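The values are calculated or read from the model by the stated rules, or taken from the named source; none is laboratory data. These numbers come from a predicted model, not from an experiment. Cβ placement follows ideal geometry from the backbone for every residue including glycine, while neighbour counts extend to all protein chains displayed. Calculation scope for accessible area: heavy atoms of the full protein, side chains included, ligands and nucleic acids excluded. Shrake-Rupley method; radii C 1.70, N 1.55, O 1.52, S 1.80 Å.
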Amino acid sequence: QMPYQASKFWDEGYETLLTQQDVVLVDVRNADEIAAKPFPGSVHVPCPMSHDALKVMEASISAGQIPADKNTPIVVFCAVGGRSGRCSEALKMLGYTETKNGGGRDGLLAAVDRVPKVPSFGNNGIQDSAMAQMQMPYQAS
């Protein structure tokens with residue numbers, strides 16, 4: 001079992017976005033971090049601190065990973081909230097009105113668990129898969 005990593009940075013009120021039907025969760029961690037601590041149902045857009053967050057977000061919008069509709073509710077997260085804060089700010093600069101930094105993966109997963117009747121995100125039922133993930137240690141394939 002991986003140790004719980006508390007968030008250091010997040011935006012107040014990100015939990016309210018989790019209740020929206022069309023919310024998109026954007027995971028900006030590196031592939032190795034995701035392998036160790038997956039977050040089912042999220043969109044993976046790696047954005048290390050050395051990268052230009054604005055360019056990375058623009059590229060992911062062009063690639064269709066992040067919806068072009070600027071009213072889409074988006075919660076960005078990483079390991080503790082530093083990288084996701086930069087990316088959430090970049091999305092705001094690009095005109096997205098409903099984007100918040102959800103902080104770190106572990107805290108966000110706990111918040112998803114707390115929010116009543118979380119809709120399914122994308123094609124995956126995130127609530128079921130997230131809960132199953134928390135009950136089962138991660139099996140490397």
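Converting phi to 3J(HN,Hα) with the Karplus coefficients 6.51, -1.76 and 1.60 and the offset θ = phi - 60°, region 53-67 yields 4, 4, 5, 5, 5, 4, 5, 6, 5, 4, 7, x, 6, 10, x Hz in sequence order, with x at every glycine or proline.
Between residue 55 and residue 35, the contour length at 0.36 nm per residue exceeds the alpha carbon distance by 4.7 nm. In terms of the mean number of neighbouring beta-carbon atoms within 10 Å, the peptides 16-26, 99-109, 80-90 order highest first as 99-109, 80-90, 16-26.
Only Cα pairs under 8 Å and 6+ residues apart enter the sum, and on that basis the relative contact order of region 28-114 stands at 28 percent. Beta bridges from DSSP with both residues in region 1-120: antiparallel share about 0 percent, rounded to the nearest 5. Only alpha carbons enter this Debye calculation for region 28-114, each as an equal point scatterer, and the log10 of I(q)/I(0) it gives at q = 0.19 Å⁻¹ is -0.81.
Under a 5 Å amide H cut-off, with hydrogens placed 1.01 Å from N, residue 7 pairs with 104, 107 among residues at least 5 apart or on other chains.
With θ taken as phi - 60° and the Karplus curve 6.51 cos²θ - 1.76 cosθ + 1.60 applied, the whole-hertz 3J(HN,Hα) list for region 9-24 is 9, 6, 9, 4, x, 5, 4, 4, 5, 5, 7, 7, 4, 9, 4, 10 Hz, x standing for glycine and proline.
State the percentage of accessible surface on region 28-114 attributable to carbon and sulfur atoms; use a 1.4 Å probe and exclude ligands, DNA and RNA. Write down the numbers at each step before the final one.
Numbers: 1900 of 3420 Å².
Of the solvent-accessible surface of region 28-114, carbon and sulfur hold 55 percent.
Under 14 Å of direct C-alpha separation, and excluding same-chain neighbours fewer than eight residues apart, residue 100 reaches these aspartates and glutamates: 11, 12, 15, 27, 89.
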